[in-house]
């Protein structure tokens, strides 16, 4: 069965991303895929500290090997990200930067939130995903801190977001399945 990880993209105290990730998980139920939450709090990574670039795939540190095993176990991802200063949180970008081949040929969708829906964080993460050879789906969910959170802390999404979320989830599943042959193909450095 296709496995989709829902990445909780913030580790700060009193974060909102955990509530949003659980909402995504609730709406993912009953689909022909296995969804699970991947909380970055459970995978503490220092600022990138490997001596070789991730493309080498020769991880020296246990925390990197552990993170690689987690990412490698999924076929696609839904990333829940807040927007900090017109960008994604540093902890989320750092988690992407640690690996390379484990991200390749996997679908990715974004659920963002912020004063303006977190769309700038998503746009930056789309660039990162492209460099990691991920396929980012067009559908996204952009949640407003003003309209979708009571007192900026209690998640109360408008019903209209459910339709966008369902499209996003369906696209992530479909693209993850379509990319499966590429994930199982042998890597080659020679042109085809």
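Remarks
- Residue in the stretch 135-157 that is in contact with a strand residue (DSSP E or B) (Cβ under 6 Å, 6 or more places away or on another chain), surrounded by fewer than 19 Cβ atoms within 10 Å (Cβ to Cβ) and assigned to a helix (DSSP H, G or I) present: no
- Members of the stretch 19-60 found to be under 20 Å from residue 141 (Cβ atoms) and touching a helix residue (DSSP H, G or I) at 6+ places or on another chain (Cβ under 9 Å), listed by number: 23, 24, 27, 28, 31, 33, 35, 36, 37, 38, 39, 40
- For the stretch 28-51, a tally of residues being surrounded by fewer than 16 Cβ atoms within 10 Å (Cβ to Cβ) and in a helix (DSSP H, G or I) returns 2.
- Filter result for residue 125 (assigned to a helix (DSSP H, G or I), closer than 16 Å to residue 10 by Cα and either under 12 Å from the mean Cα position of the chain (by Cα) or modelled with pLDDT of 95 or more (or both)): yes
- Of all residues in the stretch 75-122, those being farther than 21 Å from residue 2 by Cβ and in contact (Cβ under 8 Å) with a residue 40 or more places away in the chain number 14.
- Residue within the stretch 39-51 that is within 30 Å of residue 146 (Cβ to Cβ) and touching a strand residue (DSSP E or B) at 6+ places or on another chain (Cβ under 7 Å) present: yes
The values are calculated or read from the model by the stated rules, or taken from the named source; none is laboratory data. Keep in mind it's a predicted model, so treat the numbers as computed, not measured. Note: ideal-geometry Cβ built from the backbone for every residue, glycine included; neighbour counts use all protein chains shown.
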